[in-house]
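Following: one structure in structure tokens, then a few remarks.
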Amino acid sequence: LKDKPQFDQFIRSLSMETLSDDQRALCISFITEHSLSYRQACFVVDPIREYIANLDKPASRMTLSLVSQLVEGHTNAVIHQMIVPLIADAKRLGSSQTEVISRLLKHE
């Protein structure tokens with residue numbers, strides 16, 4: 001995934017709901033190990049935010065660890081593309097989402 005179109009194609013095809021924790025770990029590790037621009041990082045956070053927004057049970061330890069890693073490498077993107085939209089969508093904000101937001105804020 002060396003060029004921007006290939007990277008964008010990869011991210012568009014990413015559906016966090018269908019991935020196992022191990023596959024999510026691989027994605028986040030790729031994201032945190034590569035130098036992404038703010039725009040690319042925001043683009044990456046979108047499918048992760050949707051996954052978090054749709055949780056109907058507590059996030060797994062792996063998921064909490066992954067989002068913690070993500071915030072360490074791309075703090076502004078996570079704040080703007082994950083935390084703020086999750087809080088703004090109060091209808092979908094439940095205990096699972098609150099737990100993830102709390103973990104993200106503790107890291108910041």
message: Suppose R0 equals 22 Å. What FRET efficiency, 1/(1 + (r/R0)^6) with r the Cβ-Cβ distance, do R61 and R39 give to the nearest 0.05?
response: 0.15
message: If each residue of separation counts as 0.36 nm, what is the full-extension length gain between R92 and E72 once their alpha-carbon separation is subtracted?
response: 4.7 nm
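Computed from the coordinates by the stated procedures, all read-outs in this text should not be read as laboratory data. Nothing here was measured: the structure is a model prediction, and the numbers come from that model. Ideal geometry is used to build each Cβ from the backbone, glycine not excepted, and the neighbour counts take in all protein chains shown.
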